[in-house]
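K.L.:
Handing you a structure now.
Bear in mind these aren't lab numbers, they're just calculated from the coordinates by the rules spelled out. Keep in mind that this is a model prediction, so the values were computed, not measured. In this analysis, Cβ positions are derived from the backbone assuming ideal geometry, glycine residues included, and neighbour counts consider all displayed protein chains.
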Amino acid sequence: MRWIKEFLKLEVPFCTYKLKQGDSIIYVDNNKSFIVLHGIVYISKTFTNEETITLGILEVGNIINNPISSTNYYYKIYAIVDTFLLSFQWAQLINYNNYLSKQLFFKLIELNELTKKKYEIMNTILCHKDIKSRVSQLILVLLSDIGIIHKTTITIPCYISQNIISDITGSTRSRINKILKSFYNTKIIEYTYDKKICTKYPLLFIYFD
């Protein structure tokens, strides 16, 4: 994989992790960062009062940083599908003061900027007070970012459970169930044989904005 090769070339220490679908890890070490090598995750921020906010849905090439240490919250990385992560410490990379290390440093900064856009998109979704609008915009973003087009249908290529949708949108599973049923009954969404969400009418989701 590209990023493993980059770190091996510089002999910068790193670790890799495999998260199976449904696995999660708690992330509190502000000295450690993660690159998504393969898969899809979402990252949430949980405060001491148990309030949880989803920060973003991250894909291959996104980076997860926690620059500020705090006892008031922690991060959770949740694997939507089987996922591989590479972890490293910025300090160990900065210690290598040469051309290759600087090149890698700037590449990682670019990843950080791309990841910020993911956070901005999620913030836009959660700005909707109406849960139905949040769900429709979430589905639209997933269709846009990772959707696979086959003839007249766009399919989200992984199973997104109602529990995941409720967790991301800050709602209850029962509420999500009702919303998805209404989408299905009005033909806005369909399901594949393995319960993946698909649609022939992606533009209809815009009307829930």
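K.L.:
Dipole of the range 156-201, Cα-centred, from +1 at each Lys and Arg C-beta and -1 at each Asp and Glu C-beta, to the nearest 20 debye? Walk me through the numbers before you get to the answer.
P.N.:
Details: 8 positive and 3 negative charges, 36 e Å.
Computed charge dipole of the range 156-201: roughly 180 debye.
K.L.:
Okay, moving on. Tell me, what is the FRET efficiency for H150 and L114 to the nearest 0.05, using R0 = 22 angstrom and their Cβ-Cβ distance as r?
P.N.:
Details: r = 27 Å, r/R0 = 1.23.
After rounding, the FRET efficiency stands at 0.25.
K.L.:
Then there's this: Quick check on the exposure proxy: order D130, D145 from fewest to most C-beta atoms within 10 angstrom.
P.N.:
Details: D130 10, D145 13.
Taking fewest neighbouring Cβ atoms as first place, the list is D130, D145.
K.L.:
Please name whichever of S101, S182, P157 sits farthest to the positive end of the charge dipole of the chain, dipole taken about the Cα centre and charges placed at Cβ: Lys and Arg +1, Asp and Glu -1.
P.N.:
S182
K.L.:
Taking 0.36 nm per intervening residue step and subtracting the Cα-Cα distance, what contour gain separates K195 from K5 on full extension? Walk me through the numbers before you get to the answer.
P.N.:
Working: separation 190, 0.36 × 190 = 68.40 nm, distance 3.62 nm.
Separation in residues times 0.36 nm, less the Cα-Cα distance, equals 64.8 nm.
K.L.:
Now, a different point. Based on the Cα atoms of the range 2-126, what semi-axes does the equivalent ellipsoid have, where each is the square root of 5 times one gyration tensor eigenvalue, given in whole Å with the largest first?
P.N.:
The equivalent ellipsoid of the range 2-126 has semi-axes of 25, 16, 14 Å.
K.L.:
Tell me, K20, K129, K118 in order of fewest to most beta-carbon neighbours within 10 Å?
P.N.:
Values: K20 10, K129 7, K118 19.
Fewest-to-most ranking of K20, K129, K118: K129, K20, K118.
K.L.:
Here's a follow-up. Could you give the size of the charge dipole of the chain about its Cα centre, using +1 on the Cβ of each K and R and -1 on the Cβ of each D and E, expressed in debye and rounded to the nearest 20? Before the final figure, lay out each step's value.
P.N.:
Numbers: 25 positive and 17 negative charges, 100 e Å.
The dipole of the chain has a size of about 480 debye.
K.L.:
Moving to a separate point now. Please say if the range 61-209 is rounded, prolate or oblate, where rounded means a/c under 1.5 for a ≥ b ≥ c the square roots of the C-alpha gyration tensor eigenvalues, and otherwise the choice is prolate for a/b larger than b/c and oblate otherwise? Walk me through the numbers before you get to the answer.
P.N.:
Details: a/c = 2.53, a/b = 1.92, b/c = 1.32.
The shape class here is prolate.
K.L.:
Could you please report the charge total around W3, scoring K, R as +1 and D, E as -1 over all other residues with beta-carbon less than 11 angstrom from its beta-carbon? Please report the intermediate quantities before stating the final value.
P.N.:
On the way: positive: R2, K5, K9, K107; negative: E6.
Summing Lys and Arg as +1 and Asp and Glu as -1 gives +3.
K.L.:
Report the calculated FRET efficiency for E50 and D82 (r = Cβ-Cβ distance, R0 = 25 Å), to the nearest 0.05. Spell out each step's value before the answer.
P.N.:
On the way: r = 29 Å, r/R0 = 1.14.
The calculated FRET efficiency here is 0.30.
K.L.:
Return the distance in nm (one decimal) between the two label points of a simple spin-label model at T186 and L203, each offset 7 Å from Cα along Cα→Cβ.
P.N.:
1.7
K.L.:
What is the distance in Å between the Cα centroid of the range 186-204 and that of the range 106-144?
P.N.:
Result: 20 Å between the Cα centres.
K.L.:
Between R175 and Q21, 0.36 nm times their residue separation minus their Cα-Cα distance comes to what? Let's see the in-between values first.
P.N.:
Details: separation 154, 0.36 × 154 = 55.44 nm, distance 2.35 nm.
Roughly 53.1 nm would be gained on extension.
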